[in-house]
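Presented below is the structure to which this report refers.
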Amino acid sequence: MAHIAGVDLPKNKRVVIGLTYIFGIGRSISEDILRKANIDENIRVKDLSVEQEKTLRDIVQNDCIVEGELRTKVALDIKRLMEIGCYRGIRHKRSMPVRGQRTHTNARTRRGRRRGSMVAKKK
């Protein structure tokens, strides 16, 4: 089982899919990494040689911001938006949708559970 950036990659998946288990790496970045390492996309994680695994680990560590470092960066970006008081920062503070979605109906994920009105609770 390959261990890259603190994440165990699933051994029965193709490498291009296995790399996406790392936070901050999607399909396109995964394909770019494999192209740099000269590794076939269709090879399984369990079939990687030790040298291939090492080159993947080096590329991910040196060229990509992933896992804890990326989570910290995102959190600091949100905190900065909140501090400067811009519209997006205010929406984050109020835990409302940030990207222009409607809130009259929907937005339950972001706004939380419905607080029922008194009319609905009467029998």
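The values are calculated or read from the model by the stated rules, or taken from the named source; none is laboratory data. Since this is a predicted model, take the numbers as computed values, not measurements. Reconstructed Cβ throughout: ideal geometry from the backbone, glycine too, with neighbour counts over all protein chains shown.
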Task: Members of segment 52-96 that are in contact with a His (Cβ under 9 Å, 6 or more places away or on another chain) and β-branched (V, I, T) - done: I78
Open item on the list: Restricting to segment 42-88, give me the number of residues that are in a loop (DSSP other than H, G, I, E, B) and more than 21 Å from the chain's Cα centre (by Cα).
Closed with: 6
Open item on the list: Given the criteria surrounded by 14 or more Cβ atoms within 10 Å (Cβ to Cβ) and either modelled with pLDDT of 95 or more or in the same structural domain as S30 (by TED's automatic domain parsing) (or both), does R44 qualify?
Closed with: yes
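Quick grid of which residues meet (1) surrounded by 13 or more Cβ atoms within 10 Å (Cβ to Cβ); (2) in contact with a Pro (Cβ under 7 Å, 6 or more places away or on another chain); (3) at pLDDT 95 or above:
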| residue | (1), (2), (3) |
| --- | --- |
| E67 | yes, no, no |
| I78 | yes, no, yes |
| N106 | no, no, no |
| R113 | no, no, no |
| K122 | no, no, no |
